[in-house]
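No lab work stands behind these numbers, since they all come straight from the coordinates. The structure displayed is predicted, hence computed values, not measured ones.
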Amino acid sequence: MEKTITAKLNYLRITPRKTRFVADLIRGLSVNEAEARLTIGVRRPGDVLLKLLKSAVANAITNSKLDPGTLYIKEIRVDQAPKLVRYWPRARGSMGKIEKKASHITLVLGVSDKIKKTKFTIIPKPKKSKTAPEEKNHEHKSKEKTQKGDENREKLEKKEKMNAPKPKTGGGFFRKVFSRKSI
């Protein structure tokens, strides 16, 4: 009996048609190849499928004690979830229907002997360093404050110039005839 590992994602707010397109790209591939394809891809469901794939691999490692180098995507299924229905007002008092579609994704990993055992590497996202010298942070913040202060001062000066009363120049005949506001 072949071991299988299942990971599910329900109510993903991306249409099933778009999600199936990306799922078809990785169906039947080894986990390493699938991860590489999803990392390079530019479509929105790719990020979500990559996260689901990493979750399934972590389940295989921790729960079933399997070697991640021998895993492949046995089955990936994208089903339609219930639609959210919204309405939009249209002409002559009618309503237009807006359907916000969602997906259910089921990912099944299988173990294969044909895949060469390779070193499995999941590329981690770079973490933000929290340990920075305090002096640099204070200097950086003070520079930002002075820059913001200069910008605010310039904005206030511009507003004052705009709101200042303009000196009246004699316009003579044309000012009297073509003025819009009479005094």
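Things worth noting here:
- Over 22 Å (Cα to Cα) - which of K18/K114; K18/K101; K18/K74; K3/K101; K8/K97 fall in this group: K18/K114; K3/K101; K8/K97
- Estimated Rh, the stretch 4-111: Kirkwood, alpha-carbon pairs, angstrom: 15.0
- 3J(HN,Hα) along the stretch 157-162, derived from phi through the Karplus expression 6.51 cos²θ - 1.76 cosθ + 1.60 where θ = phi - 60°, amounts to 4, 5, 5, 5, 5, 5 Hz, with x in place of Gly and Pro.
- Rounded to the nearest whole Hz, the Karplus-based 3J(HN,Hα) values (6.51 cos²θ - 1.76 cosθ + 1.60, θ = phi - 60°) of the stretch 2-17 follow the sequence 7, 7, 10, 10, 10, 10, 10, 9, 10, 6, 6, 7, 10, 4, x, 5, with x at glycine and proline.
- Near the amide H of Q80, within less than 5 Å, lie the amide hydrogens of H104, all on another chain or at least 5 residues away, with H placed in the peptide plane.
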